1. Could you say whether any residue in region 452-475 is part of a loop (DSSP other than H, G, I, E, B) and among the hydrophobic types (A, V, I, L, M, F, W, C)?
2. Being assigned to a strand (DSSP E or B) and not small (G, A, S) is the filter; apply it to region 174-198 and report the residue that is modelled with the lowest pLDDT.
3. For region 321-357, give me each residue that is open to solvent by less than 30 Å² (accessible area, probe 1.4 Å) and either outside any loop (DSSP other than H, G, I, E, B) or among the acidic types (D, E) (or both).
4. Just to be sure I understand, how many residues within region 399-419 are among the hydrophobic types (A, V, I, L, M, F, W, C) and not in a helix (DSSP H, G or I)?
5. Residues K414, K452, K477: which one is in contact (Cβ under 8 Å) with a residue 40 or more places away in the chain and either in contact with a helix residue (DSSP H, G or I) (Cβ under 6 Å, 6 or more places away or on another chain) or polar (S, T, N, Q) (or both)?
6. Looking only at region 101-112, filter to residues that are touching a Phe, Trp or Tyr at 6+ places or on another chain (Cβ under 9 Å) and assigned to a loop (DSSP other than H, G, I, E, B); which one of those is nearest to V268 (Cα to Cα)?
Amino acid sequence: MTVTMIGKCLFLGLFVVASTLAAEEDVFEWTDGDFVEELKRHDNTLVMFYAPWCGHCKRLKPEYAKAAELLRGNVPPISLAKVDCTEAGKETCNKYSVSGYPTLKIFAKDELIDDYNGPREAAGIAKYMKAQVGPPSTELKSVDELKAFLNTDEVVLIGFFEKDDSTLSASFHTVAKKLKDKVKFGHVIEKSILEKEGYKNNIVLYRPNILQNKFETSKVVYEGGDSVSEVHSFVKNTHHGLVGVRTRDNAEDFKNPLIVAYYNVDYVKNPKGTNYWRNRIMKVAKEFAEYNFAISSKDDFQHELKEFGIDFYKGDKPVILARDERNQKFVLQDEFSLESFETFLNDLQSGSLEPYQKSEPIPEDNTGSVKIAVAKNFDEIVTNNPKDILIEFYAPWCGHCKKLAPIYDELGDKMADEDVEIVKFDATANDVPSNFEVRGFPTLFWVLKDKKDSPVKYEGGRELDDFIKYIAKHSSKPLKGYDRTGTPTKAPQDEL
């Protein structure tokens, strides 16, 4: 390595360190000794209670520092601080019942206001905190204030009211309170601004310059009624536009039927490239109004790609994945183009596409007393099975599942001659049918043979006798070997 190259490397290293330290300087580090007094000095504070060894804390740390930098100079002021729960902040963490890391809490002076339940990335943290400490809607008193307020990368809702006590104005402010964490609201009652903008009693949605395009208007004037529900629906339905920018923080806003284009979405480093593909998605999407559309970062949503069988994708073109109103999954198999995308949507619309299923292979031998269901044979083993079903959804790595396994196998043997099927299903390797809600392992459901569309979650004990008593009581018809209380009706074979 040459001296020049070494010098460049040293300079770059020092630059990175300096940038990091500059951001870190905006986050206060407090201890048991100064926590309360420091809080009193700050009007609004977000505090991160952390442990140095915590992986989630390490990932949050740079975003937290960047958020503090973004909030520098905010009016009203917002401070970000942190407390080490393993060292000098133990007593403080105990006082506020911190049991996991990181835990974030919002304070006004030294008064605890609420737990922080917002985003975990810099821009989202800053936006969330601004909404918490400021009014739901900002009054804009001059044309310059309005112009500055609209100079943002966020979607903005402005209410223009001749009378700020009108029914529409009241509904606007109510909706602003409900959605202040997600949307930026402002309102105008100054007559000179109303005259200049040409609005008297209107609500207008403004799209930021970075999201403006030729396929939808840059601003939308509300034309509905005065009720809260109508205004709320307008904001929710128009906020994301024709093709929304779907992030980890707002993903819940996007409902099925949903078409998502996954690619290198980055409005900070590559806004032009991001919009290049978004505009192509829009060109086709505008013809399919019955679907919701979005773009998402393939890196941020790698877990969703895996749900569609895509472990790694290195191409630059979008990957198109869809879920219909029944939550069935569909994949655009061809390389993305306007033509292939339009064909995919037409086929989806007509119902001619085969849904994608994540599934293990159907077992070659499934003669055991506990039947193995996978996504591909679920209808055969469960839905169309003429027997009552007890099905366990498990994970191979789950300790509770491993403990249950020998009991479950024995239960299968006990029910071998009954009109009951004992079934197990690896929920990590197969798509779980939509009418079964599985959030932990093991989860068991009881499914009557005449009510296959209405599974009942099993909440009983997990010993053999518990299962037998439950099945004997709830089976469609009496068991051969047990009465309705679960008592054997005939002596075991070895006692005869």
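1. Just the residues of region 452-475 that are part of a loop (DSSP other than H, G, I, E, B), to begin with: 452-455, 458-463, 475.
Still in the running and among the hydrophobic types (A, V, I, L, M, F, W, C): none.
No, region 452-475 contains no residue that is part of a loop (DSSP other than H, G, I, E, B) and among the hydrophobic types (A, V, I, L, M, F, W, C).
2. K184
3. Hits for region 321-357 are L321, A322, D324, K329, F330, V331, S340, F341, F344, L345, L348.
4. 2
5. Details: K414 fails: either in contact with a helix residue (DSSP H, G or I) (Cβ under 6 Å, 6 or more places away or on another chain) or polar (S, T, N, Q) (or both); K477 fails: either in contact with a helix residue (DSSP H, G or I) (Cβ under 6 Å, 6 or more places away or on another chain) or polar (S, T, N, Q) (or both).
The match here is K452.
6. Of the residues in region 101-112, the ones touching a Phe, Trp or Tyr at 6+ places or on another chain (Cβ under 9 Å) are 101-106, 110, 112.
Next, only the ones that are assigned to a loop (DSSP other than H, G, I, E, B) stay: 101-102, 110.
Numbers: Y101: 29, P102: 26, D110: 36 Å.
So, considering only residues that are touching a Phe, Trp or Tyr at 6+ places or on another chain (Cβ under 9 Å) and assigned to a loop (DSSP other than H, G, I, E, B), the one nearest to V268 (Cα to Cα) is P102.
Every residue, every condition in (1) outside any helix (DSSP H, G or I); (2) under 15 Å from L345 (Cβ atoms), yes or no:
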site	(1), (2)
V235	no, no
E252	no, no
V260	yes, yes
K269	yes, no
N275	no, no
I281	no, yes
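Yes/no matrix, rows are residues, columns are (1) more than 18 Å from A51 (Cα to Cα); (2) assigned to a loop (DSSP other than H, G, I, E, B); (3) open to solvent by 10 Å² or more (accessible area, probe 1.4 Å):
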residue	(1), (2), (3)
A88	no, yes, yes
D114	yes, no, yes
I125	yes, no, no
Q132	yes, no, yes
T138	yes, no, yes
D144	yes, no, yes
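The values are calculated or read from the model by the stated rules, or taken from the named source; none is laboratory data. Predicted model, so just to flag it, every value in this text is computed and none were measured. Positions of Cβ are backbone-derived with ideal geometry, glycine not excepted, and every protein chain shown enters the neighbour counts. Heavy atoms of the whole protein, side chains included, go into the accessibility calculation; ligands, DNA and RNA do not. Shrake-Rupley method; radii C 1.70, N 1.55, O 1.52, S 1.80 Å.
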